[in-house]
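For reference, the structure is listed below as structure tokens.
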Amino acid sequence: MSEGHWFPAKIDVSGVLADVAPDIDWKRSLSVMQRASLVFVSLVLVHFAWAGSYDPLFVDPNFHPKARDLTVHDTARNRDIPVRIYFPPNDKPAPVVLFSHGLGGSRQGSKFLGERWAARGYLAVFVQHPGSDDLVWKNAPPAERMAALRKAASLENFFLRVGDIRAVLDQLEAWNKSGPLANRMDLTRIGMSGHSFGAVTTQAVSGEMFLMSGTELTDPRIRAAVIMSPSTPESETAERAFGEVKIPWLLMTGTNDVAPIGETDAKARLTVYPALHGAPKYQVVLKNADHSVFADRALPRDRRPGNLNHHRVIRALSTAFWDAYLQDNKDALAWLNGTGPRSVMEPADDWKASPEK
């Protein structure tokens, strides 16, 4: 079976972060900061002018999320899966959100999301996938890193990633029964998310169909999914791949969302949303956002300074989505389906919502 039966038209990479480009950050210059500050202040004013009382950006300023690194051992595959868990403010059973990193990433990546989701009451589990994580390029000479990453974008690693998510969910069930994590999780409320190769992973376990192979990879424990840099498999039409998705999906991308490996263009990422028919669906397209917008730092190939409001939008929309579909928060659903998203977005950002099944 060829890799084309399983992957998007191109394979993405998202995880070559701080160690590859330590001097590249979202706050690149004072002039950019000054312009972004004006935009930020104006958007804050619009946000608080919104008539609703629900605020997906509110967090307790006195709360500082704590994280713990653990390892899941999958006995059936004799495979160790590192995870980083961000804990919510109290010890009550909390909804769980998983995150799958991109090619070359790790459980340390996208910290801005893990900390925010925890602050909002979720137990966030960031999964690291051996074989397609940061060790792929860290262990290679600089001149060979891109080749090593391309090799890691394989069918084998795709299956390993899908198995990792199932193994982690199984382990969470065991940890919730006894030990230091006992009764910390509400495992009837599980969300799945991921970026790039992690988006491919998320799609696979959250309802995507692989009709050419007849394989079903959906995990029924997942109630909702946030997919960052989505893509359509090369061997399937979007309609065949995504037409039977039965849980809510929130798609996130940017107008410059092109991966360093694979060259999937931003236009191709927009084919997923129209194909979704079986559940509520949402899509945001951030103007001028690069592939690295969902990470903590830019990638070496990025040519534009980061827009400070993009992370704000990602936090707000993902939080409202989790609140609406994992916690059944009616105010969050009204915010998401009403004028709320526009109150945090910039005018050039594109937003689509189809909340009806």
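Of everything in region 238-261, what is surrounded by fewer than 24 Cβ atoms within 10 Å (Cβ to Cβ), β-branched (Val, Ile, Thr) and within 23 Å of PRO355 (Cα to Cα)? Give them in sequence order.
Passing the criteria: VAL245, ILE247.
Of the residues in region 64-81, how many are closer than 18 Å to GLU115 by Cα and either at pLDDT 95 or above or out of contact with any helix residue (DSSP H, G or I) (no Cβ under 7 Å at 6 or more places or on another chain) (or both)?
Total meeting the criteria: 6.
Just to check your reading of the model, which residue among THR232, THR253 is closer than 20 Å to ILE314 by Cα and in contact with a strand residue (DSSP E or B) (Cβ under 8 Å, 6 or more places away or on another chain)? Lay out the reasoning, then the answer.
Details: THR232 fails: closer than 20 Å to ILE314 by Cα.
Criteria check complete, one pass: THR253.
Quick one: in region 60-106, which of the residues that are touching a residue at least 24 places away in the same chain (Cβ under 8 Å) and among the hydroxyl-bearing types (Ser, Thr, Tyr) is farthest from ALA259 (Cα to Cα)?
TYR86
With the requirement that a residue be open to solvent by 70 Å² or more (accessible area, probe 1.4 Å) and in contact (Cβ under 8 Å) with a residue 60 or more places away in the chain, what does region 150-169 give you?
Of everything in region 150-169, just one residue is open to solvent by 70 Å² or more (accessible area, probe 1.4 Å) and in contact (Cβ under 8 Å) with a residue 60 or more places away in the chain, namely ARG150.
Please enumerate the residues belonging to region 223-237 that are free of Cβ contacts under 8 Å to residues at least 60 places away in the same chain and in contact with a Ser or Thr (Cβ under 6 Å, 6 or more places away or on another chain).
Once the filter is applied, which keeps residues that are free of Cβ contacts under 8 Å to residues at least 60 places away in the same chain and in contact with a Ser or Thr (Cβ under 6 Å, 6 or more places away or on another chain), region 223-237 yields ALA225, ILE227.
So that you can scan it fast, the table gives a plain yes or no per residue for (1) within 25 Å of VAL245 (Cα to Cα); (2) not small (Gly, Ala, Ser):
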| residue | (1), (2) |
| --- | --- |
| ALA140 | no, no |
| ALA167 | yes, no |
| ARG221 | yes, yes |
| ILE227 | yes, yes |
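Every residue in region 243-275 that is of a type in the set (Val, Ile, Thr) and in a helix (DSSP H, G or I), please.
Scanning region 243-275 gives a single hit, VAL272.
Within the bounds of region 268-276, is there any residue that is out of contact with any Leu (no Cβ under 9 Å at 6 or more places or on another chain), open to solvent by less than 10 Å² (accessible area, probe 1.4 Å) and either at pLDDT 95 or above or among the small types (Gly, Ala, Ser) (or both)?
Taking every residue of region 268-276 in turn, at least one turns out to be out of contact with any Leu (no Cβ under 9 Å at 6 or more places or on another chain), open to solvent by less than 10 Å² (accessible area, probe 1.4 Å) and either at pLDDT 95 or above or among the small types (Gly, Ala, Ser) (or both).
Could you please tell me which pairs satisfy a Cβ distance under 9 Å, a separation of 6+ or placement on different chains, a first residue in region 314-332 that is in contact (Cβ under 8 Å) with a residue 40 or more places away in the chain and at negative phi, and a second residue that is open to solvent by less than 30 Å² (accessible area, probe 1.4 Å) and of a type in the set (Lys, Arg)?
Cβ pairs passing all conditions: none.
Could you grab me the full set of residues in region 223-242 that are over 13 Å from the mean Cα position of the chain (by Cα), of a type outside the set (Ser, Thr, Tyr) and not in a helix (DSSP H, G or I)?
Hits for region 223-242 are ARG223, PRO233, GLU234, GLU236.
Take the residues in region 183-227 that are among the aliphatic types (A, V, I, L, M) and more than 21 Å from PHE126 (Cβ to Cβ); name whichever of them is modelled with the highest pLDDT. Quick ask: steps written out before the conclusion?
Here is the first cut: in region 183-227, the ones among the aliphatic types (A, V, I, L, M) are 185, 187, 190, 192, 199-200, 204-205, 209, 211-212, 217, 222, 224-227.
Within this subset, residues satisfying the condition of being more than 21 Å from PHE126 (Cβ to Cβ) are 209, 211-212.
Details: MET209: 91, LEU211: 76, MET212: 67.
The extreme case among them is MET209.
Among the listed residues ARG107, ARG161, ARG166, ARG150, identify the single one that is in contact with a helix residue (DSSP H, G or I) (Cβ under 6 Å, 6 or more places away or on another chain) and of a type in the set (D, E, K, R). Please lay out each step first, then the result.
On the way: ARG107 fails: in contact with a helix residue (DSSP H, G or I) (Cβ under 6 Å, 6 or more places away or on another chain); ARG166 fails: in contact with a helix residue (DSSP H, G or I) (Cβ under 6 Å, 6 or more places away or on another chain); ARG150 fails: in contact with a helix residue (DSSP H, G or I) (Cβ under 6 Å, 6 or more places away or on another chain).
Checking each option against the conditions leaves just ARG161.
Matching residues to (1) buried (at least 16 other Cβ atoms within 10 Å of the Cβ); (2) touching an Asp or Glu at 6+ places or on another chain (Cβ under 6 Å); (3) part of a loop (DSSP other than H, G, I, E, B):
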{"site": "HIS129", "(1), (2), (3)": "yes, yes, yes"}
{"site": "GLU144", "(1), (2), (3)": "no, no, no"}
{"site": "ALA148", "(1), (2), (3)": "yes, no, no"}
{"site": "GLY179", "(1), (2), (3)": "no, no, yes"}
{"site": "ALA182", "(1), (2), (3)": "no, no, yes"}
{"site": "ILE190", "(1), (2), (3)": "yes, no, no"}
{"site": "GLY194", "(1), (2), (3)": "yes, no, no"}
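Just to check your reading of the model, which residue among LEU103, LEU98, LEU113 is assigned to a strand (DSSP E or B), within 15 Å of the chain's Cα centre (by Cα), of a type outside the set (Ser, Thr, Tyr) and buried (at least 24 other Cβ atoms within 10 Å of the Cβ)?
LEU98
Checking the conditions here, which among ALA174, ALA124 is surrounded by fewer than 24 Cβ atoms within 10 Å (Cβ to Cβ) and at pLDDT 95 or above?
Result of the check over ALA174, ALA124: ALA174.
The values are calculated or read from the model by the stated rules, or taken from the named source; none is laboratory data. Just so it is clear, the structure is predicted and the values come from calculations on it, not from any experiment. Neighbour counts run over all protein chains shown; Cβ positions are idealised from the backbone, glycine included. When the accessible area is computed, the model is the full protein with side chains, heavy atoms only, and any ligands, DNA or RNA have been set aside. Shrake-Rupley method; radii C 1.70, N 1.55, O 1.52, S 1.80 Å.
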